[in-house]
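Each reported figure results from applying straightforward, stated rules to the coordinates on display, with no laboratory input. This one's a predicted model, so the numbers in the text were calculated from it and none came from an experiment. We place every Cβ from the backbone using ideal geometry, glycine too, and count neighbours over all the protein chains shown.
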Amino acid sequence: MITLGDFVAVGPNVQFITDTHPLRPEDRYKPPKEGDTLPFRVVNYALSITVGNYAWIGAGAIILPGARIGDGAVVAAGSVVTKDVAPRMIVAGNPAREVRSVDDQGFRQ
């Protein structure tokens, strides 16, 4: 499930990816069921993504399974969010890392 708060801005080509799978190969594969065309079944499941109120997700960002983006946070364009983003923080990069708070006085437009 993907939950977007109020007044969330999402740029073009943003990906919200909820599907994931176990990391250990012995947990990732199961025997086939009768009628399956492949000799195994792949185990996968979804983790929710939550984006808080007034958050801004820049163009081309990728939000990975289970991530929570706090109220008023900014995800820079092209960033890959692999873990939670604190409220009112700006994150950038791959993987996305905290750059600064939206409230820092050093830079204003």
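Listing for the model above:
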| item | result |
| --- | --- |
| Criterion: at positive phi and of a type outside the set (Val, Ile, Thr) - qualifying residue of Gly70, Gly58, Gly35 | Gly35 |
| Scan of region 1-52 for residues that are closer than 25 Å to Asp71 by Cβ, in contact with a strand residue (DSSP E or B) (Cβ under 7 Å, 6 or more places away or on another chain) and of a type in the set (A, V, I, L, M), ordered by number | Ile2, Leu4, Val8, Ala9, Val10, Val14, Ile17, Ala46, Leu47, Ile49, Val51 |
| Residue within region 11-20 that is assigned to a strand (DSSP E or B) and surrounded by 13 or more Cβ atoms within 10 Å (Cβ to Cβ) present | yes |
| Inter-residue pairs, beta-carbon under 6 Å, first hydroxyl-bearing (Ser, Thr, Tyr) and in region 80-99, second surrounded by 15 or more Cβ atoms within 10 Å (Cβ to Cβ), 6+ apart | Thr82/Leu64 |
| Selection count where residues are farther than 24 Å from Asp104 by Cα and either in contact with a helix residue (DSSP H, G or I) (Cβ under 9 Å, 6 or more places away or on another chain) or surrounded by fewer than 19 Cβ atoms within 10 Å (Cβ to Cβ) (or both), scope region 51-63 | 1 |
| Residues of region 26-50 satisfying the condition of being closer than 30 Å to Ala61 by Cβ and either without any contact (Cβ under 8 Å) to a residue 24 or more places away in the chain or surrounded by fewer than 12 Cβ atoms within 10 Å (Cβ to Cβ) (or both) | Asp27, Arg28, Val42, Val43, Asn44, Tyr45 |
